[in-house]
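Shown next, in structure tokens, is the structure this report addresses.
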Amino acid sequence: MSTDSELVLGHGMVGLFHYTLTDDGGAVLDSSVGREPMAYLHGFHNIIPGLEKQLEGKGAGVQLRASIPPAEAYGELQGPEAQRVHRRDFPKDIDIVVGASFDVKSKDGRAMTLWVSKVEGAWVWLDANHPLAGKTLHFDVKIVGVRGATDDEKRHGHAHGPDGHHHHH
Ligand code: ZN
């Protein structure tokens with residue numbers, strides 16, 4: 001991984017960062033510690049808008065703590081209550097776990113995403129809200145690298161890992 005300490009995050013740059021995400025109560029919801037850093041392409045909706053805004057203009061080595069309200073994260077809670085669906089109504093090859101998401105069409109034909117919010121025996125609850133909707137998210141971030149995006153990354157609209165060469169599709 002090559003980085004240039006003069007580079008800062010902005011449109012078309014790839015940022016690499018480690019993060020720990022906690023909720024209002026301080027419980028850890030997710031963390032990149034012990035994994036590869038998160039790689040994202042700035043300006044292409046790879047990460048939530050509130051966090052992208054905080055990273056704008058910053059370079060490798062910067063540490064920050066940001067509290068992102070729902071409107072700049074995964075949105076406010078909305079829509080109908082979670083619907084209960086029987087497991088047999090899902091394709092057999094799908095792994096049904098809490099947090100899994102499905103792209104479906106609503107009754108009026110709109111594309112929407114549903115998340116599995118609960119699994120109990122043969123029953124699965126599908127929710128139109130992202131699991132983190134309605135939550136203020138607290139991020140502890142350390143930027144570990146900034147580089148220009150490759151042509152492939154710009155074409156795909158997302159980052160291809162730390163060195164830009166991960167092939168995933
Ligand atoms: Zn790609």
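Summed over the stretch 54-92, the residues that are without any contact (Cβ under 8 Å) to a residue 40 or more places away in the chain and in contact with a helix residue (DSSP H, G or I) (Cβ under 7 Å, 6 or more places away or on another chain) give a count of 1. Would you check if M112 is more than 30 Å from G145 (Cα to Cα) and among the aliphatic types (A, V, I, L, M)? Here the answer is yes, as M112 does meet what is asked. Each residue in the stretch 133-169 was checked for being buried (at least 20 other Cβ atoms within 10 Å of the Cβ), closer than 22 Å to G99 by Cα and either aliphatic (A, V, I, L, M) or within 16 Å of the ligand (Cβ to nearest atom) (or both), and 1 of them qualify. Those residues that are surrounded by 16 or more Cβ atoms within 10 Å (Cβ to Cβ) and either of a type in the set (A, V, I, L, M) or over 12 Å from the mean Cα position of the chain (by Cα) (or both), I need them from the stretch 33-42; list them, please. If the condition is that a residue be surrounded by 16 or more Cβ atoms within 10 Å (Cβ to Cβ) and either of a type in the set (A, V, I, L, M) or over 12 Å from the mean Cα position of the chain (by Cα) (or both), then P37, M38, A39, L41, H42 are the ones that fit. Of the strands (runs of 3 or more DSSP E) lying entirely inside the stretch 34-120, those carrying at least 2 residues that are more than 25 Å from T136 (Cα to Cα) are 83-86, 101-105, 111-120.
Could you please let me know if A100 is under 21 Å from the mean Cα position of the chain (by Cα), in the same structural domain as R35 (by TED's automatic domain parsing) and either within 16 Å of the ligand (Cβ to nearest atom) or without any contact (Cβ under 8 Å) to a residue 40 or more places away in the chain (or both)? In short, no.
The values are calculated or read from the model by the stated rules, or taken from the named source; none is laboratory data. Small disclaimer: the values here were computed from a predicted structure and weren't measured. Here Cβ is always computed from backbone atoms with ideal geometry, including for glycine, and neighbour counts include all displayed protein chains.
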